[in-house]
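The values are calculated or read from the model by the stated rules, or taken from the named source; none is laboratory data. Just so it is clear, the model here is predicted, and its values are computed rather than measured. Cβ placement follows ideal geometry from the backbone for every residue including glycine, while neighbour counts extend to all protein chains displayed. For the accessible areas, the whole protein counts, side chains as well, though only heavy atoms, and no ligand, DNA or RNA atoms are used. Shrake-Rupley method; radii C 1.70, N 1.55, O 1.52, S 1.80 Å.
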Amino acid sequence: MTFVITQACCNDTSCIAVCPVQCIRPRPGEASFTTAEQLYIDPATCIDCGACAEECPVGAIVHHADLPTRLEEFRGINADYFAEHPLDDVTPPRLTRPRLPRQQPRLRVAIVGCGPAALYAASELSEIRGVEVTIVERLLEPYGLARFGIAPDHGQTRLMAERFAPVLRRPNVTCLLGVEAGRDVSIADLQRRHHAVIWATGAFADRTLGVVGEDLQGSVSARDFVAWYNGHPDSTGRRFDLSGRRAVVIGNGNVALDIARLLAQPAAVYEHTSISPNALQALRTSGIEEVVVVGRRGPTHAAYSTAELLALAHLPEVDLLALPGETSRTEGAARSPFGLGRRLGAVRDAAARTPTRPRRITLRFGLAPVELTGEGAVTGVLLERSDGTTERIETTLVIRAIGFDGRPTAGLPFDPVTSTIPSNAGRIIDPSTDDPLPGMYCTGWIRRGPTGSIGANRFDAAETVASLLDDFAQGRLPAPTAL
Ligand code: SF4
């Protein structure tokens, strides 16, 4: 008997803290934790107590007897992890929550941003007596990616926002919505009023393809498209033309699969979700029957997670297809060796499938976009193989889902290569000297780049907060000079 961690896992690790026999892996501090697609339960050690299932903020942990058919494969996925990573240490991880010395003055901290990274930091800090937190968020709604970055049909993952709601209600937390740091309040002002400022502004600039035609009408960034279907305030008034029969998504990470799923499925799937009314109306009249997902390299290097690919293969009204000649491409080491067999198996199954439904998602591999063609608006995308041969796919909608970058903030150092704020253990540093900037910290994607699921920000935030508290206790933080 065992519990099984399934597709919605957010890597938050709340389950690890409550497991009495410590059979959930990987754990923070282990080499594979930062790159893990999800957490796993060892079926040989689990005592079936159910504590993890109660604690999981997104309901991703299911008793094996209750697994629905579409999640059955996760029984083997959990077990396989321990075949490759046998349990060797079952001592509970030490969770050391920092305390402030009693004689210290109140600690005032500003946090810029109100997404998961910011709220994990606010949660850590506001649990400590004597700490006051002010969150500054440019939007009029909190929760950042937990509200505006999750696909509407991933209702379980969207529960993350509920996990954070109590943090904003704590008496020592003030949340200023609709206030943009650098526009409505200066960095200097934040510093004058607080001992420390934590930057948790995320990574929301689009990476570009750098090809001719990228600016044509019908060429859309994944950031804009996701914002549109999630009702992000920045997308108010946006319209996307879904009247063509085929859409092309460039990129093969989880965001690309979210978009492909949304475009390929009937609108009825999204009727009772949090999708924006505009997007739902557009889906109702959509003409799209095929979504082509284009990856530059082979299936070995695709960036999607095992769980998201398997979910695509279980869509009730969509055929997942691939081209046999493209599925055997292997070059160099895999992006993530664990689960590779299942991912390749799913792609090979897709290549062997005979389509029977009117809607389809076709995975293509080994194709680099070299031009978006058309006069004023996209009519096709020209793709090139490694042998120099080309192929043109006709389409009127190309969505560029090749990743995000952080944006520089005036007055803060920025590394243009990694698109992050240079830092050490969460302390923002002067890149010319590596010295920390007193009272300045960062966490989340703007610190480490746009990788990892929502829960991965928890330990990022914990490290940043630990550095901040240590600096405060050591008298290294400048005292505020204004209220
Ligand atoms: Fe650990 Fe109990 Fe969850 Fe099994 S059911 S993984 S023993 S917390």
Query raised in the report: Over the Cα atoms of segment 66-210, how large are the radius of gyration and the largest Cα-Cα distance (Dmax), in Å?
Result: 19.8, 58
Query raised in the report: With every protein chain in place, what's the accessible area of Asp48 (1.4 Å probe, Å², nearest 10)?
Result: 50 Å²
Report summary line: Given 156-169, 115-128, the highest-first ranking by average Cβ count within 10 Å works out to 115-128, 156-169
Query raised in the report: Which value in nm describes the separation of the simple spin-label points at Asp434 and Ala83, placed 7 Å from the Cα toward the beta carbon?
Result: 4.4 nm
Report summary line: Ranked output for segments 303-310, 227-234 by mean other Cβ atoms within 10 Å, highest leading, reads 303-310, 227-234
Report summary line: Relative contact order as a percentage, segment 238-313, C-alpha pairs under 8 Å and 6+ apart, gives 50 percent
Report summary line: Using alpha-carbon positions, the gyration tensor of segment 353-483 gives root eigenvalues a ≥ b ≥ c; with a/c under 1.5 called rounded, otherwise prolate if a/b exceeds b/c, else oblate, the class is prolate
**Report entry** Mean separation of Cα contacts under 8 Å, 6 or more apart, over the residue count of segment 14-167: relative contact order %
**Finding:** 20 percent
Report task. Please say if segment 244-374 is rounded, prolate or oblate, where rounded means a/c under 1.5 for a ≥ b ≥ c the square roots of the C-alpha gyration tensor eigenvalues, and otherwise the choice is prolate for a/b larger than b/c and oblate otherwise? Result -> prolate
Requested in this report: With everything on Cα atoms, drop me the angle between helix 254-264 and the longest principal axis of the chain, reported from 0 to 90° to the nearest 10.
Outcome: 50 degrees
Query raised in the report: If you roll a 1.4 Å probe over segment 399-470 with all protein chains in place, what percent of the accessible area is carbon or sulfur?
Result: 54 percent
**Report entry** Computed FRET value (nearest 0.05) for Asp189 with Glu72, which takes r as the C-beta separation and R₀ as 51 Å
**Finding:** 0.40
Requested in this report: May I ask you to derive the FRET efficiency for Gln281 and Ala205 from their Cβ-Cβ distance with R0 = 22 Å, giving the value to the nearest 0.05?
Outcome: 0.15
Query raised in the report: Ser32: accessible area at probe 1.4 Å, nearest 10 Å²?
Result: 40 Å²
Query - Space enclosed by the convex hull of the alpha-carbon atoms of the chain, per residue, Å³ - result: 162 Å³
**Report entry** Hull volume in cubic angstrom per residue (convex hull over the Cα atoms of segment 130-288)
**Finding:** 145 Å³
Query raised in the report: Taking segment 215-318, how much of its Cα-Cα pair set, in percent, is spaced more than 18 angstrom apart?
Result: 49 percent
Report summary line: Given a 1.4 Å probe, the accessible area of segment 130-229 per residue, as a whole number of Å², is 42 Å²
Report summary line: GluC sites (Glu not before Pro) in segment 344-441 lying in a DSSP loop, each with at most 12 other Cβ atoms within 10 Å of its Cβ, come to Glu375
**Report entry** Relative contact order %, the chain, counting alpha carbon pairs below 8 Å whose residues are six or more apart
**Finding:** 18 percent
Query raised in the report: Carbon and sulfur together cover what percent of the accessible area of segment 214-343 at a 1.4 Å probe radius?
Result: 50 percent
Query raised in the report: Packing-wise, with mean Cβ within 10 Å as the measure, how do 446-452, 137-143 rank, highest first?
Result: 446-452, 137-143
Report summary line: The answer for the net charge of residues other than Ala282 whose Cβ lies under 11 angstrom from its Cβ, with Lys and Arg +1 and Asp and Glu -1, is +2
Report task. Compute the long axis of helix 73-84 from its Cα atoms, compare it with the longest principal axis of the Cα atoms of the chain, and write down the angle in degrees, 0 to 90, nearest 10. Result -> 60 degrees
Report task. Could you tell me how many degrees, from 0 to 90 and to the nearest 10, lie between the Cα long axis of helix 456-473 and the main elongation axis, the longest principal axis, of the Cα atoms of the chain? Result -> 20 degrees
